[in-house]
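This report concerns only the one structure given below.
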Amino acid sequence: MSRTSRIAGAVIGAVALAGSLAACGGDSLEKEKGGSDTGAGADSKKGSLVVGAAGFTESKVLAELYAQVLGDAGYDTSVTTVKNRELYEPSLEKGEIDVVPEYAATLAEFLNAKVNGAEDAAKKPVASGDVTATVTALEKLATPLGLKVLPAGKAVDQNAFAVSKEFADKNSLTTLSDLGASKIKVKIAAGDECEVRPFCAPGLKKTYGIDVTGIDPKGVGTPQSKQAVKDGKDQLVLTTTTDAVLDSYGLVFLEDDKKLQNADNVLPVLNAEDAGAPEIAEALGKLTDALTTEDLAELNRKVDAERAKPADAAGEYLRSKGLIKK
């Protein structure tokens, strides 16, 4: 699963949930996984924990952060990479995976569709730009499934819009409200779905009064999209808050000051029976409190641009913050 596929909308993705699970129900987790042992060792007295990751860089880095923090707390940990949420979420319920890094709004809508059906979930979304309300809704859906949702932190990976620094300076823009008030006509470099997605062109028009004249279908946060805005062909690019290379294109974010985007704050989700111990929540809570959006973007950059291994980037970060001893 790519980051952009997650961003495209949890409800849309969950429409195929039943079919995906039926198709993959006979497969063992072993067939879908690949990971590493990063924990305290086989002689750990506190037991073993499997940390799940989806198949994109950020999820793998977060899983390594979780595994190493828990390893430092005395657990024997391993990281298992599973293709996507449709596969790893049922494994989390079953206890085949003990903990996964998640995104509050996306998981809330995924479980909304799973529990209430995709059609009803689309009509009655539970996620919003309010992180407290979103996490509360997530907890109500997750708890009956045997899942424990830990508090969300400051780090957030959600849709974001950027302009060139030159364009922002020239027009005194720092927020999306500023862009709407300017009455400047803008073309958006994004995926072609931007034309109909409520978080993209329709939302920008309705929430901010932005005059969107068209979509340049170059993809979400792709080099081609960012280059088009840098060159002035387009004025706005859809990317994510953890885009680590925005600066290299001379681009800057415009603040989503009216919270059009759902609150996709990072948070740990556990199998309540197997990983519900207070010590686990405490260890993960220290990491959640420390991790920022900027930290996550830098970790992504190290892995994607510098080719660092997720485990190495995670370890370096945790040591720099004093979150692990070794």
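Per residue, what accessible area does the chain have, given a 1.4 Å probe and all protein chains present, in Å²?
Details: 14320 Å² over 326 residues.
On a per-residue basis, the chain sits at 44 Å².
What does the charge count around Asp72 come to, taking other residues whose C-beta lies under 9 Å from its C-beta (Lys +1, Arg +1, Asp -1, Glu -1)?
+2
Once every DSSP H run of n ≥ 4 in the chain is given -39500 (n - 2.57) and the sum is divided by its residues, what mean residue ellipticity at 222 nm do you get, rounded to the nearest 500 deg cm²/dmol? Mind showing how you got there, number by number?
Working: 17 runs with 149 residues, N = 326.
It lands at -13000 deg cm²/dmol.
Once the piece of chain linking Lys185 and Lys259 is laid out straight, how much longer is it, given 0.36 nm per residue of separation minus the C-alpha distance between them? Intermediate results must be reported in sequence, preceding the final value.
Details: separation 74, 0.36 × 74 = 26.64 nm, distance 2.15 nm.
Contour length minus the Cα-Cα distance gives 24.5 nm.
Percent antiparallel among DSSP beta bridges with both residues in the chain, to the nearest 5? Intermediate results must be reported in sequence, preceding the final value.
Details: 20 of 36 bridges.
Taking every DSSP beta bridge within the chain, about 55 percent pair in antiparallel fashion.
Given R₀ = 22 Å, FRET efficiency for Lys123-Val196 by Cβ-Cβ distance, to 0.05? Write down the numbers at each step before the final one.
On the way: r = 16 Å, r/R0 = 0.75.
Taking R0 as 22 Å, the efficiency between Lys123 and Val196 is 0.85.
With a ≥ b ≥ c taken as the square roots of the eigenvalues of the C-alpha gyration tensor of the range 94-152, please select rounded if a/c is under 1.5 and otherwise prolate if a/b is larger than b/c or oblate if it is not? Provide the component values of the computation, followed by the final result.
Numbers: a/c = 2.09, a/b = 1.26, b/c = 1.66.
Judged from the Cα gyration tensor, the range 94-152 comes out oblate (a/c at least 1.5, b/c at or above a/b).
Say R0 is 30 Å: what FRET efficiency, to the nearest 0.05, do Lys206 and Gln227 get from their beta-carbon distance? If you can, show how the numbers build up before the last one.
Working: r = 29 Å, r/R0 = 0.95.
In this case the efficiency is close to 0.55.
Is there a pair in Lys187/Lys230; Lys187/Lys258; Lys185/Lys259; Lys258/Lys286 whose C-alpha atoms are over 18 Å apart, and which pairs would that be? Display every interim value, and only then the final one.
Values: Lys187/Lys230 13 Å; Lys187/Lys258 21 Å; Lys185/Lys259 22 Å; Lys258/Lys286 30 Å.
Lys187/Lys258; Lys185/Lys259; Lys258/Lys286, as the Cα separations exceed 18 Å there.
The values are calculated or read from the model by the stated rules, or taken from the named source; none is laboratory data. Small disclaimer: the values here were computed from a predicted structure and weren't measured. Quick reminder, even Gly has a Cβ in these numbers, built from the backbone with ideal geometry, and neighbours come from all protein chains shown. In case anyone asks, the SASA skips ligands and DNA or RNA and just uses the protein heavy atoms, side chains included. Shrake-Rupley method; radii C 1.70, N 1.55, O 1.52, S 1.80 Å.
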